[in-house]
1. Among the residues of region 67-76, is any in the same structural domain as residue 124 (by TED's automatic domain parsing), surrounded by 12 or more Cβ atoms within 10 Å (Cβ to Cβ), among the basic types (Lys, Arg) and farther than 26 Å from residue 103 by Cβ?
2. Which members of region 328-365 meet the condition of being part of a helix (DSSP H, G or I) and closer than 18 Å to residue 445 by Cα?
3. Run residue 453 past the list (1) at pLDDT 80 or above; (2) out of contact with any strand residue (DSSP E or B) (no Cβ under 6 Å at 6 or more places or on another chain); (3) among the aromatic types (Phe, Trp, Tyr) and report the number of the one that doesn't hold.
4. Within region 270-312, count every residue that is at pLDDT 70 or above and over 20 Å from residue 426 (Cβ atoms).
5. In region 129-157, what residues are out of contact with any Leu (no Cβ under 8 Å at 6 or more places or on another chain), assigned to a strand (DSSP E or B) and surrounded by 15 or more Cβ atoms within 10 Å (Cβ to Cβ)?
6. Test residue 117 against the stated conditions and say whether it is crowded, with 19+ Cβ neighbours inside 10 Å, among the charged types (D, E, K, R), in contact with a strand residue (DSSP E or B) (Cβ under 9 Å, 6 or more places away or on another chain) and in a strand (DSSP E or B).
7. Could you tell me which numbered condition residue 208 fails, if it satisfies all but one of (1) part of a helix (DSSP H, G or I); (2) in contact with a helix residue (DSSP H, G or I) (Cβ under 8 Å, 6 or more places away or on another chain); (3) at pLDDT below 80?
Amino acid sequence: MRLSSRIGIAVGVTVPLLVLASGWLLLNLVARDLHREEDVHLRTQATALVPEARAVLRASAAGRPKAAGTRERQLFSAALDVGVRVVGPDVTFSGGPQPGPSVRLPGRAAAGPVTVRAGGNSWRVLSRHVEGARVSGTVWVFAPSTADQAQVRLVRRRVLFTALLAAPLSGLIAWGVAAGATRPLRRLTRRTAGLDPRTSTTRLHQEPTGVTEVDDLTATLQTVLARYDEQAARTAEALDTARSFSSAAAHELRTPLMSMGTNLDILAGHPDLPEPDRTEVLTDLCQEHARLLGLLVMLRELGRGDLVEAEALRTVDLSDVADAAVADARRRAPDAEIALDAPPGQTVHGWEPGLRLLLDNLLANALAHGRDAQGRARVQTGIRGTEDEVVITVDDHGPGVPPAERGRIFERFQRGPDSSGSGLGLTLVAQQAALHRGSVTVTDGPGGTGTRFEVRLPSGGGGLPGRRDWLIGTAGADRSQSFPKEGP
């Protein structure tokens, strides 16, 4: 059932009930007002008839029939539209509309008018005591309730007629008003009926209608569709990342797996292999296994960086993160000299696991490739902050990176000639710098010796980049050179 029909029926039922309730209240008020006017009239008439009743009783007690008859006619003439009954010790005079003599009247103690019923009729009755010289008695004044009842019945009929008339009229009026009020809602229904976010990119546009509820509903629908689009895009991005992960993993894992297979074939085909050769093969197997494991870990971390959500970002103290990363690096390389210059309170808005990953890989790269000619590793890590950004520097005393190679070392699977790593460590550094809307650059170390990696991160942070495809794309170095400009 349409909303307008529901409103029409509800109003069509409610209005007659309200009319009946109001009519019942009106009937009681009218009846009370009529009784009040009737009682005032009875009191006025009773006060005016007391002298006439005293004169009638006095003439009757004096034995003057003609005078008593004259006084009686004057009494009835003064009574006008009410009935009157004068009761003395031995005589009764009555005239006008009143109940029969057999109807029991209230006692003389009644202070005000009362209702007397007999034979289907009712009267309002008021009594007054008559006192005089040598006479006493009671005068009764009667007013039939026929006129009052007729007026009450008339009001009742009109109330019922109004209620019967109000039912269809109020229902139709309410239906028409509701139909007009819900017209914006019907337009919104027609506009949204053809929207299918699975097959069409058409979306609902805000068109103010002046009806707050409809405008709020339109805004809610727009929000729901926008969230659907956002989640659909994120799902598609996640699927692309998963496909790229599978492709990249299959491509990069093939070489170590084939090498491991060759070594296993040698061991299986030559059980009597000399001990030096056997040891060499086993060492090669261990190295390939470590490379394989490291590659899987790095690919997993790239995937995590591509799929991190904005809710994971918070205020991170880089000084604490760097202190933990340096302590871990010292445990892994106890022969290295690793210094840290990081005053407390250097904070950024970012993803703490990603920032720790960035520092871990920079330190691991410096320990692996930054040793001097004597094989010593001396690494200086520094963190300094300005008003707008925080700068991370990692310096080593190694052979350095040729300028021609500095743009390529951030690409996926780029390894040096003697590297046993996965070729993804610096890619992870570039990914995390871009994820935090920062940049990473490679220069000569202090004094022209070694290499300096410098990462600049905005201290205020911001939203996540629009698209993160470090597993899919290969131009990581280009994107890492400056602050990303794409929207969130």
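1. Within region 67-76, not a single residue is in the same structural domain as residue 124 (by TED's automatic domain parsing), surrounded by 12 or more Cβ atoms within 10 Å (Cβ to Cβ), among the basic types (Lys, Arg) and farther than 26 Å from residue 103 by Cβ.
2. Of the residues in region 328-365, the ones part of a helix (DSSP H, G or I) are 328-332, 352-365.
The answer is 359, 361, 362, 363, 364, 365.
3. (2)
4. Number of matching residues: 24.
5. 138, 142, 144, listed by residue number.
6. Details: crowded, with 19+ Cβ neighbours inside 10 Å: no; among the charged types (D, E, K, R): yes; in contact with a strand residue (DSSP E or B) (Cβ under 9 Å, 6 or more places away or on another chain): yes; in a strand (DSSP E or B): yes.
Here the answer is no, as residue 117 does not meet what is asked.
7. So the condition that residue 208 fails would be (1).
Let's see how each residue does on (1) free of Cβ contacts under 8 Å to residues at least 40 places away in the same chain; (2) touching a strand residue (DSSP E or B) at 6+ places or on another chain (Cβ under 9 Å):
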residue: 8; (1), (2): no, no
residue: 12; (1), (2): no, no
residue: 39; (1), (2): no, yes
residue: 50; (1), (2): no, yes
residue: 61; (1), (2): no, yes
residue: 78; (1), (2): yes, yes
residue: 95; (1), (2): yes, yes
residue: 100; (1), (2): yes, yes
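The values are calculated or read from the model by the stated rules, or taken from the named source; none is laboratory data. These numbers were taken from a predicted model, which means no experiment stands behind them. So basically every Cβ, Gly included, is an ideal-geometry build from the backbone, and we count neighbours across all protein chains shown.
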